[in-house]
Amino acid sequence: MRHALTVAALMTALNAPPLFAEGLVRCEGKLSDRDLYRAVACEAQPGGACKLPMRKWFAPKRRNLTVAIKFVSPHFPDRTRREIHNALLDATQEINAAGADLRVTYVTGKRADIEIFLSATKEGGIVRDTGDRMVDGTRMEKGSVARVTFFWQTNTGRISEADIVFTRDILSRDIRSIVLEELTQSLGFSTDIVNPYYTQRSIFSEDGNSVTRLGGQDMIALRTHYPPQ
């Protein structure tokens, strides 16, 4: 079973309360580059129509996106914190090497566009300890040790900010894969795919946490969402 479920928050232009929804596309065999991209970007079945709008970070912000650990619970394991820190460094390098018109920088000591919360919440629990009103009170899904939430304007699809919560239950062996997945999905990809072909080939696979690098079609999806200039 997948240890990280992704949840995208849909924020209207009028700042209505966020609506949480997880997307999954179930399919079989290798997809075309276009079908994989549309599956993870707008929850489209192969050859089908989008179920969700396209959401993106717009220029010029997307060329200088920052990510930072905003909160660490005093009850969060220090070893796990260090491993997530290292995984974030690797993940930003991996994303930046994909060739998309987008750059992510890991920063410390200041507010960031994508903020990380290391919570004492356990798998499936309610987040209560971060002090952030948009994070506290939200529930981690059953079986979930991580969740990404991005906020966007419904009239433009423009992403304005994103949060990622990791629980203390995340396993060391899964950290590199889950961190890369959540950071990649915070760029506007809210849907996972259930397809045995991609279990060890794509960071967007719902099954397993063995993928620690962006696959070839993952990089194509990034470049399609943010075409090189």
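The values are calculated or read from the model by the stated rules, or taken from the named source; none is laboratory data. These numbers come from a predicted model, not from an experiment. So basically every Cβ, Gly included, is an ideal-geometry build from the backbone, and we count neighbours across all protein chains shown. These area figures cover heavy atoms from the full protein model, side chains too; ligands, DNA and RNA do not enter into them. Shrake-Rupley method; radii C 1.70, N 1.55, O 1.52, S 1.80 Å.
Considering only the range 34-54, I want to know if a residue exists there that is out of contact with any strand residue (DSSP E or B) (no Cβ under 6 Å at 6 or more places or on another chain), in contact (Cβ under 8 Å) with a residue 40 or more places away in the chain and of a type in the set (D, E). Checked against the condition, which is being out of contact with any strand residue (DSSP E or B) (no Cβ under 6 Å at 6 or more places or on another chain), in contact (Cβ under 8 Å) with a residue 40 or more places away in the chain and of a type in the set (D, E), the range 34-54 yields no hits at all.
Within the range 59-69, being farther than 21 Å from R176 by Cβ, touching a strand residue (DSSP E or B) at 6+ places or on another chain (Cβ under 9 Å) and either open to solvent by 40 Å² or more (accessible area, probe 1.4 Å) or at pLDDT below 95 (or both) holds for K61, N64.
When D101 is tested against (1) within 17 Å of the chain's Cα centre (by Cα); (2) farther than 18 Å from P74 by Cα; (3) among the acidic types (D, E), only condition (1) is not met.
Checking G47, G29 one by one, the residue that is more than 24 Å from F117 (Cα to Cα), open to solvent by 40 Å² or more (accessible area, probe 1.4 Å) and either assigned to a loop (DSSP other than H, G, I, E, B) or of a type in the set (S, T, Y) (or both) is G47 and no other.
Scanning the range 70-111 for residues that are crowded, with 19+ Cβ neighbours inside 10 Å and either part of a loop (DSSP other than H, G, I, E, B) or on the phi > 0 side of the Ramachandran plot (or both) gives F76, A100, L102. Residue-level check: of (1) open to solvent by 10 Å² or more (accessible area, probe 1.4 Å); (2) without any contact (Cβ under 8 Å) to a residue 60 or more places away in the chain, S119 misses just (1).
Screening the range 141-153 for residues that are part of a loop (DSSP other than H, G, I, E, B) and modelled with pLDDT under 90 and picking the one that is nearest to Q185 (Cα to Cα) gives S144.
Every residue, every condition in (1) in contact with a strand residue (DSSP E or B) (Cβ under 7 Å, 6 or more places away or on another chain); (2) open to solvent by 60 Å² or more (accessible area, probe 1.4 Å), yes or no:
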| position | (1), (2) |
| --- | --- |
| N155 | no, yes |
| R158 | yes, yes |
| T167 | yes, no |
| T184 | no, no |
| T199 | yes, no |
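Would a scan of the range 197-211 turn up a residue that is under 17 Å from the mean Cα position of the chain (by Cα), under 20 Å from G99 (Cα atoms) and among the aromatic types (F, W, Y)? Among the residues of the range 197-211, at least one is under 17 Å from the mean Cα position of the chain (by Cα), under 20 Å from G99 (Cα atoms) and among the aromatic types (F, W, Y), which makes the answer yes.
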